[in-house]
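Student: One structure coming up, written as structure tokens, with questions to follow.
Quick note: the coordinates plus some simple rules give every number you see, no bench work behind them. A quick note: this is a predicted structure, and the numbers were derived from the prediction, not measured. FYI the Cβ positions are ideal-geometry reconstructions off the backbone, even for glycines, and counts take in every protein chain you see.
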């Protein structure tokens, strides 16, 4: 027997936890020289907790890196319908990522992109 679907998304709790972790990290000693976050690029208008936490980080002696995750490679492309759906979702994700990266750069966060080493089995 499975669990019922969630009524509200986990994003709010995740953002709150990320903000608390960033605040705790900057208070501890020794202070970090670099903070790396691996997550989808946030839309700052929708996720104010992340924006607040990032804006409160010290800019001196601490570099903040954001590595945006993508789910594009995991989308099945088995037939023409799945291909169309995957392409639509990919376009939507790229637009949201672009908005999020602009907001991150405005806050002084450096955005790093990963490069896939090889094409996955899904897209073959």
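Student: Restricting attention to the alpha-carbon atoms of the chain, what are Rg (one decimal) and Dmax (integer), both in Å?
Tutor: 17.4, 55
Student: How far is helix 11-27 tilted off the main Cα axis of the chain, in degrees rounded to 10, range 0 to 90?
Tutor: That works out to roughly 30 degrees.
Student: Given a Förster distance of 22 Å, report the FRET efficiency between residue 63 and residue 95 from their Cβ-Cβ distance, rounded to the nearest 0.05. Kindly include the intermediate steps, with their values, before the conclusion.
Tutor: Numbers: r = 27 Å, r/R0 = 1.24.
Using R0 = 22 Å, I get an efficiency of 0.20.
Student: Please find the FRET efficiency linking residue 23 to residue 46, where r is the Cβ-Cβ separation and R0 is fixed at 25 Å, and quote it to the nearest 0.05. Don't skip to the answer; put the middle values down first.
Tutor: Working: r = 21 Å, r/R0 = 0.83.
Calculated transfer efficiency: 0.75.
Student: Using Cα atoms only, what is the angle between the long axis of helix 80-106 and the major principal axis of the chain, expressed in degrees (0 to 90) to the nearest 10?
Tutor: The angle comes out near 10 degrees.
Student: Going 7 Å from the Cα of residue 33 toward and past its Cβ, which residues in the range 54-79 have a backbone nitrogen under 12 Å from where you end up?
Tutor: From the range 54-79, the list is 61-63.
Student: Below 8 Å, C-alpha to C-alpha, sequence gap of six or more: please give me the relative contact order for the chain in percent. Numbers along the way, then the final one.
Tutor: Working: 129 pairs, mean separation 35.0, N = 124.
About 28 percent, as a whole number.
Student: Another one. What is the spin-label model distance, in nm, from residue 110 to residue 83 if the labels are put 7 Å beyond Cα along the C-beta direction?
Tutor: In this crude label model, residue 110 to residue 83 measures out at 4.0 nm.
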